[in-house]
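Have a look at the structure below, then the notes.
The values are calculated or read from the model by the stated rules, or taken from the named source; none is laboratory data. On a predicted model such as this, the values are computed, not experimentally measured, just so you know. Here the Cβ positions follow ideal geometry from the backbone for every residue, glycine too, while neighbour counts run over all protein chains shown. Just the protein is used for accessible areas: all its heavy atoms, side chains included, with ligands, DNA and RNA removed. Shrake-Rupley method; radii C 1.70, N 1.55, O 1.52, S 1.80 Å.
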Amino acid sequence: MGVSLLSSPAFLVFFSFSTFCLLADPVLGITRHYKFDIKLHNVTRLCHTKSIVSVNGKFPGPRIVAREGDRLLIKVVNHVANNITIHWHGIRQLRSGWADGPAYVTQCPIQTGQSYVYNFTIVGQRGTLFWHAHISWLRATVYGPIVILPKRGIPYPFAKPYREVPVIFGEWFNADPEAIISQALQTGGGPNVSDAYTINGLPGPLYNCSSKDTFKLKVKPGKTYLLRLINAALNDELFFGIANHTLTVVDVDAIYVKPFETETLLIAPGQTTNVILKTKPSYPNATFFMTARPYVTGQGTFDNSTVAGILEYKSPPNSLHSSNSIKKLPLFKPILPALNDTSFATNFASKLRSLDSAQYPANVPRKVDKHFFFTVGLGTSPCQHNQTCQGPNGTKFSASINNVSFAMPTTALLQAHFFGQSNGVYTPNFPCSPIIPFNYTGTPPNNTMVSNGTKVVVLPFNTSVELVMQDTSILGAESHPLHLHGFNFFVVGQGFGNFDPNKDPANFNLIDPIERNTVAIRFLADNPGVWFMHCHLEVHTSWGLKMAWIVLDGEFPNQKLLPPPADLPKC
Ligand code: C2O
């Protein structure tokens, strides 16, 4: 598929003038403090009790609530044996890359007994994002919502909802996810799949030994509810629907969109979507399932189960309905698309359009300074010591971008960059296009071995980038929800088959393309720092489907990366 991603909002402030403006600004944000204690915590699901790494003993973790313009100071204290980092997924981190969180990219991990204060300001974003651990597979249990309200006094571009409810999807493993991925990386085979999907940490009644662990959304008739949907699952895109109710999509990845109605949503790991749920005008004498199950494009095994929550209408006062009689009401179930319904996926993606209003314009870069063409997909690496591995033909599964499988450094890239000590850490020679072109979507080449390296692309400040991401059919074409840290980008084109540089650009949407943080792009490199880009299917990231962009400082003081905080963890 030819996906081209354009990135986003030219947010440029000019120093002396803007400092004055900020001070005089009546809607200047406030500073909010949070403390995250990383601790072990016992949780039982599906009759399996295990000790999980959690934040403040909560699963899912605590909600962060802030307004656009607010500054957040989040002190993370590590009380567990694992190294930890936290990523604020989708937050642009303008000049504050030190607070971004991916381990060995923007920081060394917070070691046992250490702490680190993440310090950043939310600029030009409102909607829902989420935070998660960004080291190994710890994000399986370490995640929670980020709710970004508009600035005080600024309304939503839709009617104010009666209530707002985060709905966060996750994946539950009876085994320890850290053991699952370390075993898979050793054997070279695909990792074991999850045992359940969850809504707000709860798998729901369709699993054995789980009906008491069901998320219930209690609503009143004739009201509107804003559901803040987050896919925090590790490896699965999900379909979601509520029986007999239509949802209106109003915001994705903390960017307003042109509202549209749908019975079913598709949401990839790393994506967030705000939808409006209008309840029935009067008490319906029924309850309704809300369910989610995967959309699957790969050929490997996957968790094909379904998570269900319940939409329950509060019985009207003075009625005969008691909570007991709710159980006897008819229960409706949504009909979700088939697990491999790619035409639904394509059609759904085509409905997403930026709001592009006077107040919320889509600042799509029109000129392009640099074009990149990245192939994205699976591959293999050799099994060590003449052994047989459990990947394809006795090799190890691997994944790459332009055939480079990213080798994690042992010291943080951002530090190496900032202190001019890149020698032996990374090289600035990431290929702009495949070194050996082939028919990406046809019969794969005989040699599927990837190369390895810690290679980055270096961009001057304010470079306007167009990046075409081309999936390959090596070991089967499958979808890759690509996530770029530090930027939003515009999806100006998408399609199937091989990208055609002569024909396809004519069909690019440069008017109201969707602005996302997780897919294929044009983007404006207006944020100095080191920015990770990877597939948000965690197994693909583990296999090397990742790389980094370095954006150099601009010439003015407000175009430079801030200095590192004093408590930045050391490797
Ligand atoms: Cu949500 Cu680099 O990740």
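Tabulated results
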item: Criterion violated by V456 - all others in (1) outside any strand (DSSP E or B); (2) within 16 Å of the ligand (Cβ to nearest atom) satisfied; result: (1)
item: Any hit, segment 147-155, residues being at positive phi and in a loop (DSSP other than H, G, I, E, B); result: yes
item: Residue check for P62: open to solvent by 10 Å² or more (accessible area, probe 1.4 Å) and either farther than 30 Å from P557 by Cα or within 16 Å of the ligand (Cβ to nearest atom) (or both); result: yes
item: Qualifying positions in segment 104-137 - within 13 Å of the ligand (Cβ to nearest atom) and either in contact with a Leu (Cβ under 8 Å, 6 or more places away or on another chain) or open to solvent by 10 Å² or more (accessible area, probe 1.4 Å) (or both); result: Y104, V105, T106, Q107, H134, I135, S136, W137
item: Any hit, segment 307-322, residues being in a loop (DSSP other than H, G, I, E, B) and either closer than 23 Å to G144 by Cα or open to solvent by less than 10 Å² (accessible area, probe 1.4 Å) (or both); result: no
item: Selection count where residues are within 16 Å of the ligand (Cβ to nearest atom), open to solvent by 20 Å² or more (accessible area, probe 1.4 Å) and either under 11 Å from R95 (Cα atoms) or part of a loop (DSSP other than H, G, I, E, B) (or both), scope segment 515-571; result: 2
item: Long-range neighbours under 7 Å by Cβ, at least six apart or interchain, first residue farther than 16 Å from K39 by Cβ within segment 127-146, second among the basic types (K, R); result: T128/R228; H132/R139; P145/R63; P145/R228
item: Counted residues, segment 396-426 - those being more than 14 Å from H540 (Cα to Cα), in contact with a Pro (Cβ under 8 Å, 6 or more places away or on another chain) and either assigned to a loop (DSSP other than H, G, I, E, B) or open to solvent by 30 Å² or more (accessible area, probe 1.4 Å) (or both); result: 6
item: Residue list for segment 138-153, restricted to those being farther than 15 Å from G201 by Cα, open to solvent by 10 Å² or more (accessible area, probe 1.4 Å) and out of contact with any Asp or Glu (no Cβ under 8 Å at 6 or more places or on another chain); result: R152, G153
item: Test: residue in segment 248-261 that is under 25 Å from I122 (Cβ atoms), among the small types (G, A, S) and at pLDDT 95 or above; result: yes
item: Restricting segment 438-453 to residues that are part of a loop (DSSP other than H, G, I, E, B) and polar (S, T, N, Q), the residue that is surrounded by the fewest Cβ atoms within 10 Å (Cβ to Cβ); result: N446
item: Hits in segment 370-400 (condition: over 28 Å from the mean Cα position of the chain (by Cα) and of a type in the set (S, T, Y)); result: T388, T395
item: Residue match in segment 474-490 (condition: away from the ligand (no atom under 16 Å from the Cβ) and open to solvent by less than 10 Å² (accessible area, probe 1.4 Å)); result: yes
item: Lone qualifier among L329, L339, L378 - being in a loop (DSSP other than H, G, I, E, B) and under 30 Å from N498 (Cα atoms); result: L339
item: Some residue of segment 258-279 being under 20 Å from H540 (Cβ atoms), open to solvent by 10 Å² or more (accessible area, probe 1.4 Å), aliphatic (A, V, I, L, M) and not in a strand (DSSP E or B); result: no
item: Residues satisfying the stated conditions in segment 284-306, i.e. farther than 25 Å from G170 by Cα and either touching a helix residue (DSSP H, G or I) at 6+ places or on another chain (Cβ under 7 Å) or open to solvent by less than 40 Å² (accessible area, probe 1.4 Å) (or both); result: P284, A286
item: Residue satisfying condition, being over 15 Å from the mean Cα position of the chain (by Cα) and within 16 Å of the ligand (Cβ to nearest atom), within set A81, A99; result: A99
item: Single match in P337, P269 (criterion: in contact with a helix residue (DSSP H, G or I) (Cβ under 9 Å, 6 or more places away or on another chain) and within 16 Å of the ligand (Cβ to nearest atom)); result: P269
